[in-house]
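Engineer: Please find one structure pasted underneath; my questions will follow.
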Amino acid sequence: MSKAQKNYGGLDLFRLAAALLVVAIHTSPLTSVNGEADFFFTRVLARIAVPFFLMVTGHFMLAELSPGGTAFFPDRRSFLTPRLKKYLLRLSLLYGASILLYLPVGIYAGHYRELTSGGLLRMLLFDGTFYHLWYFPACILGVLLVSLLARYLTLWNITVISAVLYVIGLFGDSYFGLAEKVPVLNGMYAALFQISSYTRNGVFLAPLFLVLGVWAGQSPAGRVLFRNTDPSPSADADASAPKTMPVYILGLILSFCAMTAEAFILHRFHLQRHDSMYVFLIPVMFFLYRCLLAAPVPSKKILRTASTWIYVLHPAFIVVIRGAAKLLHLTGLLVDNSLLHYLAVCLLSLCAGFVMTWLTGLISPHLHKNAADTPCREGTGRAWIELDSAALEHNLRFLQSCLPENCRLMPAVKANAYGHGAEQIAGELNRLGIQDFCVACVSEGINLRKAGIKGQILILGCTHPDQFSLLGRYHLTQTVVDMEYARRLQQYGRRLHVHIAVDTGMHRLGIRCEDVEQIAAVYRMKNLTVDGIFTHLAASDSDTEEDRAFTESQILAFYQVADALEAKGCPCVGLHLLSSYGILNYPKAAADYVRPGIALYGVLSRPDELPPNSLLPVLSLKARVASVRTLHPGESAGYGMAFIAYRKTRIAVLSVGYADGLPRELSSGRGHVLIHGKKAPVIGRICMDQTLVDVSEIPEVSGQDTAVLIGCSGPERITAQELAEQCGTITNEILSRLGSRLPRIPKEAP
Ligand SMILES: *Cc1c(COP(=O)(O)O)cnc(C)c1O
């Protein structure tokens, strides 16, 4: 739900524009019009293209490395994440293929005639083996450099280092005329140019723009700089954009004017050795990127791939057009007229770009960026979970309607949001205005942060002291599970945000409610900021007299602790004690927050009575019919020959099994599924990845049909409660065990 709504259409569109600007650099479209105009077009305007590509790379490839202000990942053994490794490998492959593609042209042009091994290395690492190919090694080197630094330094430090490198680069590029006059500098740059022909490379140019991209990504500090770029969907474009957009547009215009002036002055005084780097290029890129992020344009993945192909292929079309023009005696029109030449190259490159995008899509979906992100549509999945976001919103509103006005929901999204998909559910809840969550453990909290979830995330369980650093880094709030643990948290020595658990009778976690003095001591611990205090009820789901009395004693004990703490001068804020059944049965006991889990997902733990439509199930579980076959009387099916056909039996094989979370207890007729709105009993033993059902009574079933395991089909419905009852457990267990290999996809509008 949340993923699909990230809005990067502005970036996608501009990628295409940037690719065409690069074509301009290599064709000088306006030379036959006016030299100065061409200088402006190709040496000023078009110079935003490469920094833009680098920023996009930083934003999407490096941002996840930097969740906070501290060093990105000091504990990691390798400084590259698997995702980065994959990205660099792909980039290297593309570079390798491009080298091969342009080898013949390069040889023909005599590029490699007097090549030494040092020269070869310089070409491969910095200059590129063909004029536009320098970008690939620059990007690879830059990413390696920034990732390596990220192992030891904070994002701020890396930004400073990158800026220094950029300044060094400037004096070897646009400002070389100044450096040249200082003998020491001149000597240094002479030595440098032995290694790399220009300073616009992976060391001096790339890091700064990669880092700028990182700031634009997910880090909280980045959110300050690039407000609301986090994936809280559409908020970007709709809500705040209209207010800030004019500021960014103005910033872009002013800084671009400044950059143009800068370029023309440097040009006029012949100070430029090369013209890729300007001082004002930095603010231009910042404002440009900001504008593009706010642009209300839907994402277009096809443009991303196409722009890469245009970048790689356009020099080939320059050669092709020159050759063709010569053959056809059209040189005057297609080559000498620089504008027509440019347009022809653009046209061919665009066509080739889109054809290649289409072809690579056919050959291998893996060549596409983020193929794994492509939601597995009902059309292709073997088994999948459908999420009904309207039902989620309905349940949220229903629970809110049960509670006092100022009580906030802190949904439990632990255990992958009870099997629903934590990223999707929390993303959707964020969008619906929820700002507090609770999870079971630190890794669940980190996953939410990596998915861009905002607000408070409370870890209900205990985090190992070796992992305390992660709490700060990912802005997670830790539960104080007992007094000894409070001391450990305090001893860690850095500021941590906590909620204190109070044990009022559950006897699982928490400081005993009698020990008010100890709880007060936690409030006084210097390193701990106590943002909340809570307890958990042991029997709020039961309405026997005994259980009600127990629950009421727990509620009373909790509020007595709060009063006693207030009396001792401890600021008792952020009180919470109710989970789903607590909200339904004791709504008056609600405090500052409530922690609904199962009810938010639209079901209860058992088939309890509730007013109709008060809660709507969010999840459906579906699977594909892989094959349909007929058994003759006496034949068996599945492991252990547990099913034996006593008559001619038509069976369907479903591609879902216990590894997907389908309880094995449903084997041999205890469970059923729905196909074409009719019941089909499970036969034989449920396998790890497959399940057999009897479809003798549903003759219309055929391969690739959809079977419903939880949810509705025609007039029939299977609820999670029924499944839980059949298995002698509660829905919480059934749902939270749903497998991680099931894609979670939004329910299609009916
Ligand atoms: C899991 C959990 C919840 C949510 O419980 P539900 O019964 O699913 O609403 C609330 N509080 C704590 C401490 C939990 O562990």
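Engineer: May I ask you to list the residues in region 663-676 that are outside any strand (DSSP E or B) and open to solvent by 10 Å² or more (accessible area, probe 1.4 Å)?
Structural biologist: Result: Pro663, Arg664, Glu665, Ser668, Gly669, Arg670, His676.
Engineer: Can you tell me which residues in region 590-604 are near the ligand (Cβ under 7 Å from one of its atoms) and open to solvent by less than 10 Å² (accessible area, probe 1.4 Å)?
Structural biologist: Pro596, Gly597, Ile598, Ala599
Engineer: Also, I was wondering about something else. Please identify the pairs in which a residue from region 424-448 that is basic (Lys, Arg) has its Cβ atom under 7 Å from the Cβ atom of a residue that is open to solvent by less than 40 Å² (accessible area, probe 1.4 Å), counting only partners at least 6 apart or on another chain.
Structural biologist: Arg431/Ser2; Arg431/Ser232; Arg431/Pro233
Engineer: Something else now. Can you run down the residue pairs with Cβ atoms below 6 Å, 6 or more apart or on separate chains, where the first is in region 502-521 and within 13 Å of Glu484 (Cβ to Cβ) and the partner is in a helix (DSSP H, G or I) and more than 13 Å from the ligand (Cβ to nearest atom)?
Structural biologist: Cβ pairs passing all conditions: Ile511/Met483; Ile511/Gln518; Ile511/Ile519; Gln518/Met483.
Engineer: What are the pairs with Cβ atoms under 6 angstrom where one residue, in region 348-376, is more than 15 Å from Leu313 (Cα to Cα) and the other, located anywhere, is at pLDDT below 90 and open to solvent by 70 Å² or more (accessible area, probe 1.4 Å)? Sequence gap at least six, or different chains.
Structural biologist: Ala371/Pro365
Engineer: Pick out the one residue from Gly640, Gly634 that is assigned to a helix (DSSP H, G or I), of a type outside the set (D, E, K, R) and modelled with pLDDT under 95.
Structural biologist: Of the residues listed, the single one that is assigned to a helix (DSSP H, G or I), of a type outside the set (D, E, K, R) and modelled with pLDDT under 95 is Gly640.
Engineer: Still on this structure, please answer the following. Kindly evaluate Ser542 against the criterion of being surrounded by fewer than 16 Cβ atoms within 10 Å (Cβ to Cβ), more than 38 Å from the chain's Cα centre (by Cα), away from the ligand (no atom under 11 Å from the Cβ) and under 30 Å from Ile718 (Cβ atoms).
Structural biologist: Against the criterion (surrounded by fewer than 16 Cβ atoms within 10 Å (Cβ to Cβ), more than 38 Å from the chain's Cα centre (by Cα), away from the ligand (no atom under 11 Å from the Cβ) and under 30 Å from Ile718 (Cβ atoms)), Ser542 qualifies.
Engineer: Report yes if Leu303 is farther than 16 Å from Ala24 by Cα, of a type in the set (A, V, I, L, M) and open to solvent by less than 70 Å² (accessible area, probe 1.4 Å), otherwise no.
Structural biologist: yes
Engineer: Among Glu428, Glu393, Glu405, which is at pLDDT below 95 and not in a helix (DSSP H, G or I)?
Structural biologist: Glu405
Engineer: Asp563 is checked against (1) more than 16 Å from the ligand (Cβ to nearest atom); (2) open to solvent by 20 Å² or more (accessible area, probe 1.4 Å); (3) within 28 Å of Ala599 (Cα to Cα) and fails just one. What number does that condition carry?
Structural biologist: (3)
Engineer: While we're looking at this one, here's another question. Restricting to region 566-580, and then to whatever is surrounded by fewer than 22 Cβ atoms within 10 Å (Cβ to Cβ) and assigned to a helix (DSSP H, G or I), can you tell me which residue is nearest to the ligand (Cβ to nearest atom)?
Structural biologist: This residue is Glu566.
Engineer: Could you please give the count of residues in region 532-564 that are part of a helix (DSSP H, G or I) and in contact with a Ser or Thr (Cβ under 6 Å, 6 or more places away or on another chain)?
Structural biologist: Going through region 532-564 one residue at a time, the tally reaches 4.
Engineer: For residues that are of a type in the set (Phe, Trp, Tyr) and within 16 Å of the ligand (Cβ to nearest atom), tally how many sit in region 545-560.
Structural biologist: Going through region 545-560 one residue at a time, the tally reaches 1.
Engineer: While we're looking at this one, here's another question. Residues in region 361-375: is at least one open to solvent by 70 Å² or more (accessible area, probe 1.4 Å), part of a helix (DSSP H, G or I) and at pLDDT 85 or above?
Structural biologist: No, because not a single residue in region 361-375 is open to solvent by 70 Å² or more (accessible area, probe 1.4 Å), part of a helix (DSSP H, G or I) and at pLDDT 85 or above.
Engineer: Exactly one of these conditions fails for Ser655: (1) in contact with a Ser or Thr (Cβ under 9 Å, 6 or more places away or on another chain); (2) crowded, with 21+ Cβ neighbours inside 10 Å. Give me its number.
Structural biologist: (2)
Engineer: A further question follows. Those residues that are part of a loop (DSSP other than H, G, I, E, B) and over 20 Å from Ser667 (Cα atoms), I need them from region 720-750; list them, please.
Structural biologist: Of everything in region 720-750, those that are part of a loop (DSSP other than H, G, I, E, B) and over 20 Å from Ser667 (Cα atoms) turn out to be Ser740, Arg741, Leu742, Pro743, Lys747, Glu748, Ala749, Pro750.
Engineer: Tally up the residues in region 15-27 that are in contact with a Phe, Trp or Tyr (Cβ under 8 Å, 6 or more places away or on another chain) and closer than 16 Å to Asn337 by Cα, please.
Structural biologist: 4
Engineer: With the structure loaded, tell me whether Ser736 is of a type in the set (Gly, Ala, Ser), open to solvent by 40 Å² or more (accessible area, probe 1.4 Å) and either within 16 Å of the ligand (Cβ to nearest atom) or closer than 26 Å to Ala637 by Cα (or both) or whether it fails that test.
Structural biologist: So Ser736 fits the description; yes.
Engineer: Could you tell me how many of the residues in region 605-634 are charged (D, E, K, R) and either within 15 Å of the ligand (Cβ to nearest atom) or open to solvent by 80 Å² or more (accessible area, probe 1.4 Å) (or both)?
Structural biologist: Number of matching residues: 4.
Engineer: So the check is Cβ under 8 Å with 6+ separation or different chains; which pairs have a first residue in region 588-610 that's closer than 13 Å to Thr535 by Cα and in a loop (DSSP other than H, G, I, E, B) and a second one that's within 12 Å of the ligand (Cβ to nearest atom) and open to solvent by 20 Å² or more (accessible area, probe 1.4 Å)?
Structural biologist: Filtered contacts from region 588-610: Arg595/Ser579.
Engineer: Oh, and also: With (1) open to solvent by less than 10 Å² (accessible area, probe 1.4 Å); (2) in a helix (DSSP H, G or I) as the list, and Asn157 as the residue in question, which single condition is left unmet?
Structural biologist: Only one criterion in (1) open to solvent by less than 10 Å² (accessible area, probe 1.4 Å); (2) in a helix (DSSP H, G or I) is unmet by Asn157, namely (1).
The values are calculated or read from the model by the stated rules, or taken from the named source; none is laboratory data. Just so it is clear, the model here is predicted, and its values are computed rather than measured. All Cβ positions, glycine included, derive from the backbone under ideal geometry; neighbour counts span all protein chains shown. Just the protein is used for accessible areas: all its heavy atoms, side chains included, with ligands, DNA and RNA removed. Shrake-Rupley method; radii C 1.70, N 1.55, O 1.52, S 1.80 Å.
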